[in-house]
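Working notes, structure below.
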Ligand SMILES: C[S@@+](CC[C@H](N)C(=O)[O-])C[C@H]1O[C@@H](n2cnc3c(N)ncnc32)[C@H](O)[C@@H]1O
């Protein structure tokens with residue numbers, strides 16, 4: 001995923017929801033919320049919420065009490081998010097907006113979340129200052145960002161480097177490009193948060209259709225351009241490299257994230 005411009009088509013948003021969310025982002029959301037207790041009746045915002053993987057788990061845990069907002073740069077992601085939860089006790093307030101210019105008043109929220117969004121924000125200090133602005137003083141921000149390159153993306157990136165080119169290989173590893181916990185902590189401090197050392201959150205990325213996992217990523221466009229033969233080879237090479245994680249046709253690949261709890265000063 002590019003880190004400067006980040007535009008996703010409706011088809012890409014649907015593939016993300018069908019493949020990446022069940023394999024990875026929903027398990028991460030559950031593992032994250034298992035470590036947190038949300039205050040009763042809180043005003044909560046999920047920033048860079050994508051198709052709402054985490055937003056839905058927040059709604060489940062809040063059980064109809066409190067207020068939830070979800071916001072993402074891509075309207076296509078928000079459209080898919082809306083379609084995923086048409087009828088729940090929580091009417092989520094969805095908005096399509098850049099994190100650097102959020103459509104909310106100062107001091108609006110008790111709790112904010114950013115799940116795997118920070119690495120894509122082009123101006124991280126501006127983005128985190130804006131998140132600080134919309135949180136109440138003393139409000140909590142929970143932020144996750146990958147701590148290590150996933151074996152899945154590592155294997156895919158190597159296969160792409162061999163068969164397609166270094167640009168595609170770099171793209172496949174881009175979500176794992178911002179892993180320095182000290183740097184993230186410094187950015188949070190500079191934006192006005194008090195933060196302590198990050199915890200680690202580990203999830204198991206579980207899938208049986210490796211082709212579908214690969215083609216749900218933005219490098220799908222590169223593979224389409226490279227043609228069906230190369231695509232088959234990339235899929236086969238990635239599967240071969242991931243063989244240690246496969247049992248009876250199911251891949252179970254560990255992925256580790258930093259979880260920061262930052263408090264707005
Ligand atoms: C890897 S996805 C994570 C989505 C969601 N948090 C989840 O866990 O499924 C990254 C998201 O960041 C969003 N994003 C990227 N740049 C953004 C920006 N400048 N402002 C707001 N959202 C942004 C993308 O549209 C995308 O939905």
Mean-square fluctuation check for the chain, GNM, Cα pairs under 10 Å: which of 101, 46, 79 is largest? 101
What is the chain's relative contact order, in percent, from Cα pairs under 8 angstrom and six or more apart in sequence? 23 percent
What nm distance separates the two modelled labels at residue 11 and residue 136, each placed 7 Å from Cα along Cα→Cβ? 4.6 nm
I'd like the orientation of helix 228-241 relative to the chain: the angle between its Cα long axis and the longest Cα principal axis, in ° from 0 to 90, rounded to 10. 70 degrees
Residue exposure sequence - 247, 10, 136, 15 - by fewest surrounding Cβ within 10 Å: 247, 10, 136, 15
Percent RCO, i.e. relative contact order, over region 186-265, from Cα pairs under 8 Å lying at least 6 residues apart: 59 percent
Taking Cα atoms, the helix 151-163 axis meets the longest principal axis of the chain at an angle in degrees (rounded to 10) of 40 degrees
Computed over region 116-265: relative contact order in percent, which uses C-alpha pairs under 8 Å that are six or more apart: 41 percent
Which order do 133, 147 fall in if you start with the one that has the fewest other Cβ atoms within 10 Å? 133, 147
Which value in Å does the Kirkwood hydrodynamic radius of region 64-123 take, with 1/r averaged over all unlike C-alpha pairs and then inverted? 12.9 Å
Suppose R0 equals 30 Å; then what is the FRET efficiency for residue 88 and residue 186 from their Cβ-Cβ distance, rounded to the nearest 0.05? 0.20
What is the spin-label model distance, in nm, from residue 243 to residue 30 if the labels are put 7 Å beyond Cα along the C-beta direction? 3.1 nm
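Using a Förster radius of 25 Å, what is the FRET efficiency between residue 236 and residue 177 based on their Cβ-Cβ separation? Nearest 0.05, please.
0.45
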Testing the spin-label approximation: label points 7 Å from Cα along Cα→Cβ at residue 101 and residue 75. State their distance in nm. 1.5 nm
So what are the radius of gyration and Dmax for the Cα set of the chain, in Å? 18.3, 56
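Read the figures in this text as sums done on the coordinates, not as results from a lab. Just so you know, these numbers come straight off a predicted model, no measurement behind them. Quick reminder, even Gly has a Cβ in these numbers, built from the backbone with ideal geometry, and neighbours come from all protein chains shown.
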